[in-house]
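The values are calculated or read from the model by the stated rules, or taken from the named source; none is laboratory data. What you are looking at is a predicted structure, and each value in this text was computed from that prediction instead of being measured. Note that we place each Cβ from the backbone using ideal geometry, even for glycine, and neighbour counts take in every protein chain shown.
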């Protein structure tokens, strides 16, 4: 990294990168369907009436249609029993034409998210949350699925020609959805990885900035709006913002706006490259949902 002054960071356009990936997937899916007579198929499971989940699944559904996939959303009342939900998942596991399952979280309190995750066939678990997929990711061997957001971050940096090998990557946030699996991906001896990774979190207390300032690549994934300030970033670092936080904004018609975990307006004058929110990591997550679904179909039908 350089100590020379940097005026404004280069924007890493996740939206454009994701669009290119989606075009590639569409071409590959068309070839798959032509060869097998089968469309890659994903089933979304929605329990209850969470508006955010509805929007999220609808957007994913539109993306699958554009890619030439088949999709279905199964909606269940919030009162469905855990036993009945697990029975529905078992039926989908047994269906050879259902290649991918995605159960939207959160679930009602009377249903164990852990048991639901463990009930999904690992070969159809495109979220990469099943313990078998988590374990295979950890050792880096065999067929497995990595969670879509971490996978998207790695792919985005690879396609943007950001050198990761040998660099110090600091990830702030240790969730099972982003922080931990991203660390597991980046330490592997693989293209787009082979990094020295520090996983920072609330346990760092008032020492957090010590860790973030040591990063060649800083990845913010804690879910706190504007938590990463300019004085927490090494000059010339690459900054990847995974955060998606809704904050009040009287100037917007909706009264709110979406921001990341990084104080973008300040940090862009320190970093060498930075992802915006929206338009950075978010589109990459959707692209990886498509990638994993197609991969699941190929594993089932292409020998």
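Determine whether segment 78-99 contains at least one residue that is outside any helix (DSSP H, G or I), over 30 Å from residue 234 (Cβ atoms), modelled with pLDDT under 95 and in contact with a helix residue (DSSP H, G or I) (Cβ under 7 Å, 6 or more places away or on another chain).
Scanning segment 78-99, I find no residue that is outside any helix (DSSP H, G or I), over 30 Å from residue 234 (Cβ atoms), modelled with pLDDT under 95 and in contact with a helix residue (DSSP H, G or I) (Cβ under 7 Å, 6 or more places away or on another chain), so the answer is no.
Are any of the residues in segment 129-141 within 18 Å of residue 298 (Cα to Cα), in a helix (DSSP H, G or I) and not assigned by TED's automatic domain parsing to the domain that holds residue 243?
Yes - at least one qualifying residue is present in segment 129-141.
Going by the conditions given, is residue 238 in contact with a strand residue (DSSP E or B) (Cβ under 8 Å, 6 or more places away or on another chain) and either within 30 Å of residue 299 (Cβ to Cβ) or at pLDDT 95 or above (or both)?
yes
Considering only residues that are touching a strand residue (DSSP E or B) at 6+ places or on another chain (Cβ under 9 Å) and crowded, with 18+ Cβ neighbours inside 10 Å, which ones fall in segment 130-143?
Correct list: 133 only.
If the requirement is being in a loop (DSSP other than H, G, I, E, B), touching a residue at least 24 places away in the same chain (Cβ under 8 Å) and over 23 Å from residue 297 (Cα atoms), which of these qualifies: 162, 171?
That would be 162, the only listed residue that is in a loop (DSSP other than H, G, I, E, B), touching a residue at least 24 places away in the same chain (Cβ under 8 Å) and over 23 Å from residue 297 (Cα atoms).
Out of the residues in segment 50-73 that are in a loop (DSSP other than H, G, I, E, B) and in contact (Cβ under 8 Å) with a residue 60 or more places away in the chain, which is farthest from residue 288 (Cα to Cα)?
So the residue we want is 69.
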